[in-house]
Amino acid sequence: MKLKIAVLAGDGIGPEISEQGVAVMTAVCEKFGHEVSYESAICGADAIDKVGNPFPEETYKTCMEADAVLFSAVGDPKFDNDPTAKVRPEQGLLAMRKQLGLYANIRPVETFDCLIHKSPLKDELVSGADFVCIRELTGGMYFGEKYEDDERAYDTNAYTRTEIERILHVGYSYARRRRKHLTVVDKANVLASSRLWRKVAQEVAKQYPDVQTDYMYVDNAAMRMIQDPRFFDVMVTENTFGDILTDEGSCITGSMGLLPSASIGEHTPVFEPIHGSWPQAKGLNIANPLAQILSVAMLFEYFNLQAEGQLIREAVNASLQANVRTPEIQVEGGAKYGTREVGQWIVNYINA
Ligand code: IPM
Ligand code: MG
């Protein structure tokens, strides 16, 4: 297969983990005889500094012309601490989602047996937890009408039937490939937008009689994720609820630095770690490259290259077993490997 990849490394630790993602991708392509080419483009704070726009037109074009985008992270504290900043790195991420029509954000929450002790939850609760959150990504409060003055402000949580239907179909396609259990998360006891979600979900559910569908209020879902994370198989929810629940999900596995994601929709799909740009670690060679590397696995799997994805997953597991780990997950007394060393170990495993 021929693959043209847009590489958006972004800010903070982005460039370091991006480099390892690309190295792994290249190694897998060589092994399986795929022809891969890369085109880098700027985004986030880096792009604001260079051209004043966190998602410049040039970057948009590079993404549109690619088969997939390998994205790393955006964000810089100099904008967080400046309430008068007119433009922020995060706006680049939102612009990318909107302009590429990335309405479905797929965030798997998987546990790694050898890291379970890192979870804030008891081992017996979290062991074997394996679910995927399908977050709607281009609607709701993030993109609804906004107003802001010094006395009053609002965001609008608008959803259309079409937006709800298409994300549910994505959810069901995952549920059918998994344990056939889908949970629709909403706040239909309070929010009008959630009542439309539930109404549409009940209609769509009829098309998938082989999947068990249940409906849960978001507050209850937040609790259930901590009490009994194994309950969930596929969860579908709106943009804001998904943002919150996926951070919760990422931490129950004990390893935020290990979780990849895919955003898919109308144009080029984007593959990225769920973590942020960790500016304090920039250039220190301590960031965990595994979420980025696992995003590459999701990229291959998106193109139905299952064996390629599987090899990456196997290599990641082997590195963890061999205690080739970045400092935040290294066992006591174990050697601490850097971003580059972990990436190189995985490349060697793939080449072997
Ligand atoms: C995420 C992030 C983003 C979001 C931020 C950086 C705008 O938290 O991808 O979950 O809120 O969607
Ligand atoms: Mg978030």
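Listed here are the residues, each with its yes/no results for (1) in contact (Cβ under 8 Å) with a residue 24 or more places away in the chain; (2) more than 30 Å from residue 334 (Cα to Cα); (3) aliphatic (A, V, I, L, M).
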position: 113; (1), (2), (3): no, no, no
position: 136; (1), (2), (3): yes, yes, no
position: 154; (1), (2), (3): no, yes, no
position: 167; (1), (2), (3): yes, yes, yes
position: 175; (1), (2), (3): yes, yes, yes
position: 184; (1), (2), (3): yes, yes, yes
position: 209; (1), (2), (3): no, yes, no
position: 216; (1), (2), (3): yes, yes, yes
position: 225; (1), (2), (3): yes, yes, yes
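Of (1) touching a helix residue (DSSP H, G or I) at 6+ places or on another chain (Cβ under 9 Å); (2) modelled with pLDDT of 95 or more; (3) not hydrophobic (A, V, I, L, M, F, W, C); (4) not in a helix (DSSP H, G or I), residue 120 satisfies all except one. Which?
Condition (2) is where residue 120 drops out.
Exactly one condition in (1) closer than 15 Å to residue 232 by Cβ; (2) more than 16 Å from ligand 1 (Cβ to nearest atom); (3) surrounded by 19 or more Cβ atoms within 10 Å (Cβ to Cβ) is false for residue 133; which is it?
(2)
Just give me the residues in the range 231-252 being under 14 Å from residue 183 (Cα atoms) and more than 9 Å from ligand 1 (Cβ to nearest atom), in sequence order.
Our first condition is that a residue be under 14 Å from residue 183 (Cα atoms); within the range 231-252, this holds for 231-238, 241-242, 245.
Those that are under 14 Å from residue 183 (Cα atoms) and more than 9 Å from ligand 1 (Cβ to nearest atom): 231, 232, 233, 234, 235, 236, 237, 238, 241, 245.
Could you list, in sequence order, all residues of the range 56-103 that are more than 30 Å from residue 2 (Cβ to Cβ) and more than 15 Å from ligand 2 (Cβ to nearest atom)?
The initial filter retains those residues of the range 56-103 that are more than 30 Å from residue 2 (Cβ to Cβ), namely 75-91, 94.
76, 77, 78, 79, 81, 82, 83, 84, 85, 86, 87 - these are the residues of the range 56-103 that are more than 30 Å from residue 2 (Cβ to Cβ) and more than 15 Å from ligand 2 (Cβ to nearest atom).
Need at least 1 residues that are within 13 Å of ligand 1 (Cβ to nearest atom) per element, so show me which helices (runs of 4 or more DSSP H) inside the range 40-113 make the cut, counting only ones lying wholly within it.
On the way: elements: 44-51, 57-65, 77-80, 89-99.
Helices (runs of 4 or more DSSP H) meeting the threshold: 44-51, 77-80, 89-99.
Is at least one residue of the range 301-314 hydrophobic (A, V, I, L, M, F, W, C) and either within 16 Å of ligand 1 (Cβ to nearest atom) or free of Cβ contacts under 8 Å to residues at least 40 places away in the same chain (or both)?
Checked the range 301-314: no residue is hydrophobic (A, V, I, L, M, F, W, C) and either within 16 Å of ligand 1 (Cβ to nearest atom) or free of Cβ contacts under 8 Å to residues at least 40 places away in the same chain (or both).
Please go through the range 318-335 and pick out each residue that is in contact (Cβ under 8 Å) with a residue 12 or more places away in the chain and among the charged types (D, E, K, R). Steps first, please.
Of the range 318-335, the ones in contact (Cβ under 8 Å) with a residue 12 or more places away in the chain are 318-329, 335.
Scanning the range 318-335 gives 325, 328.
Read through the list (1) touching a helix residue (DSSP H, G or I) at 6+ places or on another chain (Cβ under 8 Å); (2) buried (at least 17 other Cβ atoms within 10 Å of the Cβ); (3) assigned by TED's automatic domain parsing to the domain that holds residue 39, then give the number of the only condition that residue 159 fails.
Exception for residue 159: condition (3).
All but one of (1) within 16 Å of ligand 2 (Cβ to nearest atom); (2) hydrophobic (A, V, I, L, M, F, W, C); (3) buried (at least 19 other Cβ atoms within 10 Å of the Cβ); (4) assigned by TED's automatic domain parsing to the domain that holds residue 228 hold for residue 143; which doesn't?
Only one criterion is unmet by residue 143, namely (3).
So which residues in the range 235-263 are closer than 15 Å to residue 132 by Cβ and of a type in the set (Ser, Thr, Tyr)?
237, 246, 250, 253, 261, 263
With the structure loaded, tell me whether residue 97 is under 19 Å from the mean Cα position of the chain (by Cα) and either more than 20 Å from residue 237 (Cα to Cα) or in the same structural domain as residue 278 (by TED's automatic domain parsing) (or both) or whether it fails that test. I'd like the intermediate steps shown before the answer.
Working: under 19 Å from the mean Cα position of the chain (by Cα): yes; either more than 20 Å from residue 237 (Cα to Cα) or in the same structural domain as residue 278 (by TED's automatic domain parsing) (or both): yes.
Against the criterion (under 19 Å from the mean Cα position of the chain (by Cα) and either more than 20 Å from residue 237 (Cα to Cα) or in the same structural domain as residue 278 (by TED's automatic domain parsing) (or both)), residue 97 qualifies.
The values are calculated or read from the model by the stated rules, or taken from the named source; none is laboratory data. All values reported here derive from a predicted model rather than from experimental measurement. Heads up, the Cβs are rebuilt from the backbone with ideal geometry, glycines too, and the neighbour counts pull from every protein chain shown.
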